[in-house]
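Below: the structure, in structure tokens.
Every number here is computed from the coordinates shown, using simple stated rules; none is lab data. Note that the structure is predicted; figures quoted are calculated from it, not measured. Glycine gets a Cβ as well: all are built from the backbone with ideal geometry, and neighbour counts include every protein chain shown.
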Amino acid sequence: MSSGLITLIVLIALAFWLVSIYNRLVSLRNRFKNAFAQIDVQLKRRYELIPNLVETAKAYLKHESETLEAVIAARQGAVAANSKAAGDPADAGAIQGLIAAETALTGSLGKLFALQENYPDLKADGTVQQLMEELTSTDNRVAFARQAYNDSVMEYNTSREMFPNNFIAGPFKFMPAKLFEIDVAAEREAPKVSF
């Protein structure tokens with residue numbers, strides 16, 4: 001065999017190896033984007049339930065309009081942040097914005113749920129109970145979807161940082177993905193719902 005043929009075989013093998021690394025990174029990036037789409041589905045369901053809950057609670061909470069308005073404002077902020085993050089789940093800033101908006105929404109919902117204790121009629125209303133159960137169920141689904149997303153992000157980030165993948169990741173703009181996690185311990189608690 002001539003040295004030219006050996007060089008050609010080595011170059012072809014190297015090209016296939018680089019292409020396989022590139023394709024693996026693409027696959028992992030698409031996997032975490034799909035995992036985010038599952039979070040998006042559950043968050044949209046959550047956002048649809050909240051106005052129904054607020055409307056039902058309005059009849060009982062006439063003197064608590066400030067809390068109801070805070071819930072609606074937080075929901076609108078979360079919807080906007082989710083829309084931006086769903087547009088590009090690889091945008092770490094958009095994911096961080098969604099985390100902040102979801103934290104604010106969870107806090108305002110917590111205040112609404114706390115008010116329920118002061119209004120026995122609200123607590124006894126069947127529609128409110130059903131909506132709160134659906135909201136709790138949806139929050140659980142969001143948590144599971146978030147866990148799957150974070151697992152996918154971790155696998156992607158690990159792969160893009162490993163040698164020799166990091167030589168492909170940089171030039172082809174495989175940017176690090178942001179985990180969807182809540183940073184403050186008090187914010188990690190799900191809203192308390194009691195019936």
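Observations on the model:
- Cα long-axis angle, helix 92-115 against the chain (0 to 90 degrees, to the nearest 10): 20
- To the nearest ten degrees, helix 65-87 and the longest principal axis of the Cα atoms of the chain are 10 degrees apart.
- Check: segment 3-188 dipole with +1 on Lys, Arg Cβ and -1 on Asp, Glu Cβ, in debye: 760
- Cβ charges +1 (Lys, Arg) and -1 (Asp, Glu), total dipole of segment 121-186, debye: 440
- Taking θ as phi - 60° and the Karplus parameters 6.51, -1.76 and 1.60, the scalar couplings of segment 35-50 work out to 4, 5, 4, 5, 5, 4, 4, 5, 5, 5, 4, 4, 5, 6, 6, 4 Hz in sequence order, x denoting glycine and proline.
- Considering only Val41, Ala73, Gly107, the residue lying farthest towards the positive end of the dipole of the chain is Val41, judged by Cα position with unit charges set on Cβ.
- Among the trypsin sites (Lys or Arg not before Pro) found in segment 48-144, those both in a DSSP coil and sparsely packed, with 10 or fewer other Cβ atoms within 10 Å of their Cβ, are Lys62.
- 10 Å Cβ shell holding at most 14 others, DSSP loop, GluC sites (Glu not before Pro): longest site-free stretch of the chain: 1-180
- For Val142, Val79, the sequence from fewest to most other C-beta atoms within 10 Å is Val79, Val142.
- Across the options Ile21, Thr56, Ala94, the greatest Cα extent toward the positive end of the charge dipole of the chain (unit charges at beta carbon of Lys, Arg, Asp, Glu) belongs to Ile21.
- Across Gly97, Gly77, Gly170, mean-square fluctuation computed from a Gaussian network of the chain (C-alpha pairs under 10 Å connected) peaks at Gly170.
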